[in-house]
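Only one structure is covered here, and it is reproduced in the block below.
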């Protein structure tokens with residue numbers, strides 16, 4: 001599909017759209033529990049409960065915003081149903097409710113599922129997942145860009161190792177040692193994580209030799225961030241052309257993530273903000289991967305225009321698509337269920353003043369790391385975006401910029 005540059009839609013003020021959610025639930029007891037648990041959302045959401053795949057597809061054809069499919073339903077071909085729903089309602093969020101064995105089987109088959117939820121499904125958890133995913137759609141307010149996203153069939157699913165780490169984290173007694181053992185199952189992933197953790201960026205002072213030790217040092221959230229980013233980038237290794245290489249993008253993303261993390265430590269921002277900044281920094285340009293991997297010719301033209309006009313790439317994307325890789329990345333991570341602070345930091349990293357939250361947070365750290373971290377770098381001929389001083393002054397942080405520049409310079413020199 002070519003990117004349609006001609007079609008434009010006009011935003012109209014008014015109430016948010018009523019969401020239509022399809023449910024295929026294995027038994028009546030679970031269905032009633034979901035109906036009762038989601039009852040308070042009925043003014044905003046319309047809930048459609050069906051009994052089989054035929055009814056599910058019929059409902060999908062009428063237009064749905066999400067499909068919640070219980071994979072324990074008797075005789076259900078879960079992979080086939082999800083692929084059919086993707087065809088009939090490509091923009092719909094696809095959630096699979098399953099036991100671990102069923103989930104692993106579908107993941108191995110490459111089923112197009114955005115998230116898996118444990119069975120039986122907790123209505124409160126489902127409410128939070130759906131609400132977060134629907135909120136992420138605000139990053140793509142224009143119909144042409146949403147259509148572009150809907151046309152992308154190779155939108156990556158959450159990697160299997162990351163899902164295992166999530167399950168460990170949600171267990172009654174999560175263990176960093178067990179988390180490290182999960183990572184150790186993948187030798188290539190383990191090697192990459194150990195290489196990064198032992199880099200001069202972290203300045204540990206001794207060698208970390210096993211993923212369990214890396215997990216102890218990083219903490220579970222930062223470990224998850226590394227696993228997710230490494231596996232996502234690996235899915236696009238074949239995407240290469242003159243102005244764009246995955247290796248170059250990974251180096252920049254890694255630098256941004258580490259600098260954002262260190263800036264949060266420097267500013268004593270707290271562990272939660274530090275973790276969010278690290279994962280958002282690692283994934284802040286994931287939208288570029290999606291665009292380059294699915295529409296390489298069109299994305300190559302956007303890069304060419306950025307060079308020709310001597311403006312930042314995200315500005316050309318906005319002029320052409322009414323949104324940029326930042327909004328696309330925020331949208332994707334929101335559908336994956338990542339924390340709101342991460343989604344906001346990715347979605348607004350080029351336009352921080354437009355974000356709902358206006359204090360020092362993961363977004364601030366990522367924006368500063370992404371801009372000031374490029375000082376003196378010559379890896380790309382693209383025009384770099386300057387730091388948004390008005391945004392920082394509004395937060396009372398304008399006077400800290402020179403100090404941050406010096407801090408980043410020293411950090412990058414240590415890296416070398």
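Here, each number is a calculation from the coordinates, and none is a lab measurement. Worth saying up front: this structure is predicted, and the values here are computed from it rather than measured. All Cβ positions, glycine included, derive from the backbone under ideal geometry; neighbour counts span all protein chains shown.
Could you tell me which of rounded, prolate or oblate describes region 25-84, using a ≥ b ≥ c as the square roots of the eigenvalues of the alpha-carbon gyration tensor, with rounded for a/c under 1.5 and, failing that, prolate when a/b is larger than b/c and oblate otherwise? Oblate. Ordered by the number of other Cβ atoms lying within 10 Å of each residue's own Cβ, fewest first, 199, 222 fall into the sequence 199, 222. Which of rounded, prolate or oblate describes region 278-398 when judged by the alpha-carbon gyration tensor and an a/c cut-off of 1.5? Because a/c hits 1.5 or more and a/b fails to exceed b/c, region 278-398 counts as oblate.
Exposure proxy for 249, 228: other Cβ atoms within 10 Å of each Cβ, ordered fewest to most, give 249, 228. Per-residue extension of 0.36 nm, minus the Cα-Cα distance of residue 209 and residue 266, leaves a gain of 17.8 nm for this segment. When you count the other C-beta atoms within 10 angstrom of each residue and take the mean per peptide, 311-323, 68-80, 362-374, 41-53 line up highest first as 362-374, 311-323, 68-80, 41-53. Annotation: the residues 64, 208, sorted from fewest to most other C-beta atoms within 10 Å of their own C-beta, follow the order 208, 64. Between residue 177 and residue 124, the FRET efficiency estimated from the beta carbon spacing at R0 = 41 angstrom works out to 0.85.
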